[in-house]
Amino acid sequence: MSILWPCPLAVDAYAACGQAIDPPRPPCPACGAPTQAWHGYWRHLRDVGDRLIWIPRVRCSRCGRTQALLPWFVLPWRWDAVTWIGRALELAAQGLGHRPIAAVLARPETTVRGWLRRLRLGAPELTRRLLAEAVRAGWSGFELPVPPLPRLAAAVRARAAQWLRRHGPADGWWVANLVTGGALLGTNRDAPLAPAGADASMAPTAPEVPDGP
Ligand SMILES: [Zn+2]
């Protein structure tokens, strides 16, 4: 599984760093032991344009599992930066269909339709998680819309508002990506960098998005 982290850099600055990115070294999510830097890989990230960014990995000193460290603007397994998926949801919450949204965002209609389908499927659970996190961070609540997509958009804003109070300004969708563990469009798949049963330490430095969106 990949690990999301709250990168202090914007997308441009991150990309400009190339392989000089110096991320935190989180403990192993599987066994809690310390991790150490372990290669990495280049991956595409579509923002305003398409760019290549470096994704560092860490390896557990005890169990040997490797993890990709994704900056919070990257959604695992997706080429498009999470902000664009968030914009699509906000426009859909305002009643726009996938075709006009695709035109506004300059993305293929099929891509936007796929995002919205997955967001609708996951909206109740994502909303529940985001609101629970917002409450834990001190959010006291207000009247939320009932329809699923506007409700999800409101939950993202609620969580982002609490982040702002504690840590300063951040894109609400980056915060949402972080606190949902990269699961906005579905589960962050297990062990994306190695087939099940394989020795993770032998896994090649394959990106988590080998075949595009
Ligand atoms: Zn471990």
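Please pick out the residue among 100, 34, 108 that is within 16 Å of the ligand (Cβ to nearest atom), surrounded by fewer than 20 Cβ atoms within 10 Å (Cβ to Cβ) and over 25 Å from residue 170 (Cα atoms).
Going through 100, 34, 108 in turn, just one is within 16 Å of the ligand (Cβ to nearest atom), surrounded by fewer than 20 Cβ atoms within 10 Å (Cβ to Cβ) and over 25 Å from residue 170 (Cα atoms): 34.
Within segment 1-16, is there a residue that is within 16 Å of the ligand (Cβ to nearest atom), of a type outside the set (Gly, Ala, Ser) and buried (at least 18 other Cβ atoms within 10 Å of the Cβ)?
Within segment 1-16, one or more residues are within 16 Å of the ligand (Cβ to nearest atom), of a type outside the set (Gly, Ala, Ser) and buried (at least 18 other Cβ atoms within 10 Å of the Cβ).
Residues of segment 38-81 being within 16 Å of the ligand (Cβ to nearest atom), among the charged types (D, E, K, R) and farther than 21 Å from residue 183 by Cα, which ones?
Selection gives 59, 62.
Which one is nearest to residue 62 (Cα to Cα) among residues in segment 18-31 that are more than 13 Å from the ligand (Cβ to nearest atom) and surrounded by 13 or more Cβ atoms within 10 Å (Cβ to Cβ)?
Here the residue is 23.
Would you mind stating whether residue 82 is within 30 Å of residue 151 (Cα to Cα) and under 20 Å from the mean Cα position of the chain (by Cα)?
yes
Mind listing whichever residues of segment 105-151 are more than 20 Å from the chain's Cα centre (by Cα) and more than 26 Å from residue 164 (Cβ to Cβ)?
106, 108, 109, 110
Residues checked against (1) modelled with pLDDT of 95 or more; (2) more than 30 Å from residue 127 (Cβ to Cβ):
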| position | (1), (2) |
| --- | --- |
| 3 | no, no |
| 8 | no, no |
| 18 | yes, yes |
| 24 | no, no |
| 39 | no, yes |
| 50 | no, yes |
| 81 | yes, no |
| 88 | yes, no |
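Would it be correct to say that residue 137 is over 23 Å from residue 47 (Cβ atoms), touching a Leu at 6+ places or on another chain (Cβ under 8 Å) and among the small types (Gly, Ala, Ser)?
no
Considering only helices (runs of 4 or more DSSP H) fully contained in segment 1-106, which possess at least 1 residues that are touching a residue at least 24 places away in the same chain (Cβ under 8 Å) and either assigned by TED's automatic domain parsing to the domain that holds residue 146 or touching a Phe, Trp or Tyr at 6+ places or on another chain (Cβ under 8 Å) (or both)?
It comes to 11-17, 82-93.
If a residue must be at pLDDT 90 or above and either not assigned by TED's automatic domain parsing to the domain that holds residue 117 or not basic (Lys, Arg) (or both), how many such residues does segment 133-160 contain?
13
What's the total number of residues in segment 111-147 that are of a type in the set (Gly, Ala, Ser) and surrounded by 13 or more Cβ atoms within 10 Å (Cβ to Cβ)?
Here the count works out to 6.
The values are calculated or read from the model by the stated rules, or taken from the named source; none is laboratory data. Quantities reported herein were computed from a predicted structural model and do not represent experimental measurements. A quick note on method: Cβ atoms are made from the backbone with ideal geometry, for glycine too, and the neighbour counts reach across all protein chains shown.
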